[in-house]
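Have a look at the structure below, then the notes.
The values are calculated or read from the model by the stated rules, or taken from the named source; none is laboratory data. All values reported here derive from a predicted model rather than from experimental measurement. Neighbour counts are summed over all protein chains in view; Cβ atoms, including those assigned to glycine, are modelled from backbone coordinates with ideal geometry. Keep in mind that these areas ignore ligands, DNA and RNA; they rest on the heavy atoms of the full protein, side chains included. Shrake-Rupley method; radii C 1.70, N 1.55, O 1.52, S 1.80 Å.
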Amino acid sequence: MKRIAAWMLATGIAALPIAASAQVTEADLANDQDITTQVVTNGMGRHQQRFSPLTQINKSNVKHLVPAWAFSFGGEKQRGQEAQPIIYDGMMYVTASYSRLFAIDLKTGEEVWQYDARLPEGILPCCDVINRGAAIFGDTIFFGTLDARLVALDRKTGDVIWRKKLGDYKAGYSYTAAPVIVPSKHGQLVVTGVSGGEFGIVGRVDARSVENGELIWSRPMIEGHMGELLGKESTMTGELNATWPGDMWKTGGGATWLGGTYDASTNTLIFGAGNPAPWNSHLRNAGTPVEGNKGDNLYAASRVAIDPDTGDIKWHYQTTPREGWDFDGVNEVVPFDLDGKQLAATADRNGFFYVLDRTNGDLVNATPFVEQISWAERIDLESGRPVFVEDNRPGNPADTADGKKGKVIFAVPSFLGGKNWMPMAYSKSSGMFYVPANEWGMDIWNEPISYKKGAAYLGAGFTIKPLFEDHIGALKAIDPADGSIKWVYKNKAPLWSGVMTTAGGLVFFGTPEGHLIALDDATGEKLWSFQTGSGVVGQPITWEEDGEQYVAVVSGWGGAVPLWGGEVAKTVKYLNQGGSVWVFKLPTMQASAN
Ligand code: CA
């Protein structure tokens, strides 16, 4: 029996006639944010607000939260665990490092089946062997693998239904984000991006039939490339050479590695595109400053809105034109409504928190959410473009005597971002966004580079450094009405976990030091924490079953920080790897005392 949240009834939203079903339906996906007995979308609702209307666990009793069970991913394969579990029909479906997927009985915490993608030699994941979660529709579970395949599994048995290649892993393609399931006039589609922006791949968004995996449409993210619809060429992305010089667009990056959002209110997919390739921006435009917008390198470092029926681009917003600091524009776009306006918020790698009009991509507001941003003075609200600090652009190697190393600059944020992949949450109760931010900078310089298949295509060197003695991580409560920061919760190590918020007035997130933490959503005061035994870089969720509210998170330290973190990586070397799921609830007496 699916229950409609008390929150919906209290706010006067009509209860939807949702019948219990043994198969995930379009209605299940469309109403996931309000059906408290399941979590069947990445983001706890297609808008990815990561807000639960549940209140059984709340500010007054969260201190009593205890483990219900824990589950080990086992084996020698540990490293970063960044997944968001799916909860459906008495089961948890959770992905793990090295492209594994586990089906676990929710009552007992015991494994029902396990799928291991058996990866080939020579895969090229840039940023650890992670996976961020699966998608579910009907009786099928979908997830992407490090050898760039999309796999469809029978949710009851784990048997493979179909498997499709997303790209050539030898050229650097891989996939780690949760697929997105959307309705369209071609039936239900499973939509993915591609990873590989550090290898000169070309980012795409692909839509496939959930039934057999056949490609319905494909939309490249770099101008000049042709889209595809129903087996034929469709339209060109942008206009050839409008914002890219020569042939650079052919290996232009713009990886869609973090997946996307589906906004039902405008029937739009919104995907982010990563850095243009290579990192050395002087190879992608001809001068400083470039005349007009000719060096912008569209649609890299942009949010791109796509029509789910055709794969055509409806609008775009580029966060970092002529990007040169690895400020991937992939961060999640979270639709929300304010004062009757249809808006969306996104916190970019580049340190600015943007509010967009989600009907057309127009900029409404942009404010810094980290300190000491060095590369831009501000975002001009009239033009929607950054006001660059030209001296903070890494120098052109061609300007030096030997041409080998351009001028070194110290830039903030570091290339791992004011915020990286880890998703923020939006509370319908408090009206605030809770953003997992990091305060760090980097020395960065440019070098010459040419494209070689399967080799890193950067043309840059870098060392990340902390800005403050006592913390790098900084969870920030941001008011989207004006971008003001209401409170900050500091953490010594960089934050790398997703955030969840609840109508119980809580904000849940994890730390590399191993804690799952619950804060008061109004003050940032710590109300509860639990040591999970390894770093928490996963995405917390909550649901209810038989009248009890549960909270779950995966634990397992890893991700990009230990691999790419420069001086910061040295400070977190002592942290132990792991691989487990933890599930929490209130002791029965505490739950029934509510
Ligand atoms: Ca990148």
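Computed quantities for the displayed model
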quantity	calculated
Residue within the range 550-560 that is under 17 Å from SER60 (Cα atoms) and not hydroxyl-bearing (Ser, Thr, Tyr) present	yes
Residue within the range 558-574 that is over 17 Å from ILE472 (Cβ atoms), touching a residue at least 40 places away in the same chain (Cβ under 8 Å) and open to solvent by 20 Å² or more (accessible area, probe 1.4 Å) present	no
Among residues of the range 380-418, those that are under 30 Å from GLN539 (Cα atoms) and away from the ligand (no atom under 16 Å from the Cβ), counted	1
Hey, LEU153 open to solvent by less than 40 Å² (accessible area, probe 1.4 Å), over 15 Å from TYR98 (Cβ atoms) and over 22 Å from the mean Cα position of the chain (by Cα) or not	yes
Count of the range 78-122 residues which are under 23 Å from the mean Cα position of the chain (by Cα) and basic (Lys, Arg)	2
Close pairs from the range 409-424: first farther than 25 Å from ASN42 by Cα and outside any loop (DSSP other than H, G, I, E, B), partner within 11 Å of the ligand (Cβ to nearest atom) and open to solvent by less than 10 Å² (accessible area, probe 1.4 Å), Cβ under 6 Å, at least 6 apart	ALA411/TRP325
Scan of the range 503-515 for residues that are within 15 Å of GLN531 (Cα to Cα) and part of a strand (DSSP E or B), ordered by number	PHE508, PHE509, GLY510, HIS515
Residues satisfying the stated conditions in the range 249-280, i.e. part of a strand (DSSP E or B) and either over 17 Å from LEU189 (Cα atoms) or away from the ligand (no atom under 16 Å from the Cβ) (or both)	GLY253, GLY260, THR261, TYR262, ASP263, THR268, LEU269, ILE270, GLY272, ALA273, PRO276
Single unsatisfied condition, GLY246 versus (1) part of a loop (DSSP other than H, G, I, E, B); (2) more than 19 Å from TYR451 (Cα to Cα); (3) free of Cβ contacts under 8 Å to residues at least 60 places away in the same chain	(2)
So VAL330, is it more than 15 Å from the chain's Cα centre (by Cα), within 27 Å of VAL412 (Cβ to Cβ) and in contact (Cβ under 8 Å) with a residue 60 or more places away in the chain	no
Subset of the range 281-302 that is open to solvent by less than 10 Å² (accessible area, probe 1.4 Å) and within 15 Å of the ligand (Cβ to nearest atom) - its residue that is modelled with the lowest pLDDT	ARG284
Tabulated pairs, the range 443-462, first over 15 Å from ASP326 (Cα atoms), second buried (at least 17 other Cβ atoms within 10 Å of the Cβ) and among the β-branched types (Val, Ile, Thr), C-beta under 7 angstrom, 6+ apart or interchain	TYR451/THR251
Hits in the range 158-197 - residues which are aliphatic (A, V, I, L, M) and closer than 13 Å to ASN42 by Cβ	ALA177, ALA178, VAL180, ILE181, VAL182, VAL190, VAL191
Breaking point among (1) in contact with a Cys (Cβ under 6 Å, 6 or more places away or on another chain); (2) farther than 19 Å from ASN331 by Cα, for GLU198	(2)
The range 121-161: number of residues that are touching a residue at least 60 places away in the same chain (Cβ under 8 Å), away from the ligand (no atom under 16 Å from the Cβ) and of a type in the set (Lys, Arg)	1
Filtered residue count, the range 419-438, keeping only those that are more than 14 Å from the ligand (Cβ to nearest atom), in contact with a Lys or Arg (Cβ under 8 Å, 6 or more places away or on another chain) and open to solvent by less than 10 Å² (accessible area, probe 1.4 Å)	8
Residue within the range 444-456 that is closer than 29 Å to THR41 by Cβ and at pLDDT 95 or above present	no
Residues (touching a strand residue (DSSP E or B) at 6+ places or on another chain (Cβ under 9 Å) and within 16 Å of the ligand (Cβ to nearest atom)) located in the range 322-344	ARG322, GLU323, GLY324, TRP325, ASP326, ASP328, GLY329, VAL330, ASN331, GLU332
Set LYS107, LYS170, LYS164: member being in contact with a strand residue (DSSP E or B) (Cβ under 9 Å, 6 or more places away or on another chain) and either outside any strand (DSSP E or B) or in contact (Cβ under 8 Å) with a residue 60 or more places away in the chain (or both)	LYS107
The range 466-477, residues that are buried (at least 17 other Cβ atoms within 10 Å of the Cβ) and either free of Cβ contacts under 8 Å to residues at least 24 places away in the same chain or not in a loop (DSSP other than H, G, I, E, B) (or both)	PRO466, GLY473, ALA474, LEU475, LYS476, ALA477
All positions within the range 211-243 that are surrounded by fewer than 23 Cβ atoms within 10 Å (Cβ to Cβ) and closer than 28 Å to ALA134 by Cβ	GLU211, ASN212, GLY213, GLU214, LEU215, SER218, GLY227, GLU228, LEU229, LEU230, GLY231
Failed criterion for VAL507 (all others in (1) open to solvent by less than 50 Å² (accessible area, probe 1.4 Å); (2) among the aliphatic types (A, V, I, L, M); (3) in contact with an Asp or Glu (Cβ under 6 Å, 6 or more places away or on another chain); (4) over 20 Å from GLN49 (Cβ atoms) hold)	(4)
Top-ranked residue in the range 303-321 [being within 16 Å of the ligand (Cβ to nearest atom) and in contact with a Leu (Cβ under 8 Å, 6 or more places away or on another chain); ranked as nearest to SER383 (Cα to Cα)]	GLN318
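For (1) β-branched (Val, Ile, Thr); (2) part of a loop (DSSP other than H, G, I, E, B); (3) touching a residue at least 12 places away in the same chain (Cβ under 8 Å), each residue gets a yes or a no:
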position: THR501; (1), (2), (3): yes, no, yes
position: ILE517; (1), (2), (3): yes, no, yes
position: ALA522; (1), (2), (3): no, yes, yes
position: PHE530; (1), (2), (3): no, no, yes
position: VAL553; (1), (2), (3): yes, no, yes
